[in-house]
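K.L.:
Quick one: this structure, given as structure tokens, is what I'll be asking you about.
The values are calculated or read from the model by the stated rules, or taken from the named source; none is laboratory data. Here the structure is a predicted model, which is why all the values come from computation and not from measurement. Positions of Cβ are backbone-derived with ideal geometry, glycine not excepted, and every protein chain shown enters the neighbour counts.
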Amino acid sequence: MNLAAYQPDIPQNVGALMRLAAGFDVPLDLIEPFGFPWDERKIKQSAMDYYDAVKLRRYKSWNAYIDSNPAKRIILLTTKSGTPYTYFKFAPDDILLLGRESSGVPEDVHTYAHERIVIPMSHKIRSFNVAMAGAIVLDEATRQISLTNL
């Protein structure tokens, strides 16, 4: 299982995703360009003492990312899906792809994804924080996989 963030806009969310990935012991893939200048000191500060525990991989572009992961199924978390994450069957080699905080992913990335899932939410909001969404779905995915491996 991999957690991936497509061109994240907010460094604090990257720090939260690092802590999440370290806690679940899954790699975190960051797809550039970022919506902020990469400042190692600030990122480490945001990730707190989890920075050294995360398996962090950076990719210069979406094309570089998909070229490096050709055999993996990409599961896009998006509000533009009718499939709730709780109805989806995850596999151990899945990539959980999170979009930009400001705009999600472009149509070509949306179309490229093998599957698209949504977190059901109140009609009063338009989306969850990207790190929170990653945590919700990663928890369910790892729960399903651990039940399969019993």
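K.L.:
Looking only at the range 63-80, count how many residues are under 19 Å from ARG116 (Cβ atoms) and out of contact with any Lys or Arg (no Cβ under 6 Å at 6 or more places or on another chain).
P.N.:
Number of matching residues: 10.
K.L.:
Checking the conditions here, which among GLU101, GLU107, GLU32, GLU115 is free of Cβ contacts under 8 Å to residues at least 24 places away in the same chain, of a type in the set (D, E, K, R) and more than 11 Å from ALA4 (Cβ to Cβ)?
P.N.:
Only one candidate qualifies: GLU107.
Condition check ((1) among the β-branched types (Val, Ile, Thr); (2) over 14 Å from ILE31 (Cβ atoms)) across all residues:
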{"residue": "TYR51", "(1), (2)": "no, yes"}
{"residue": "TRP62", "(1), (2)": "no, no"}
{"residue": "ASP67", "(1), (2)": "no, no"}
{"residue": "ILE74", "(1), (2)": "yes, no"}
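K.L.:
If you check ARG116 against the conditions, is it within 14 Å of LEU17 (Cα to Cα), within 17 Å of the chain's Cα centre (by Cα) and not hydrophobic (A, V, I, L, M, F, W, C)?
P.N.:
Here the answer is no, as ARG116 does not meet what is asked.
K.L.:
Right, ASP9: farther than 19 Å from ASN69 by Cβ, modelled with pLDDT under 90, of a type outside the set (A, V, I, L, M) and surrounded by fewer than 18 Cβ atoms within 10 Å (Cβ to Cβ) or not?
P.N.:
No; evaluated as a whole, the condition is false for this residue.
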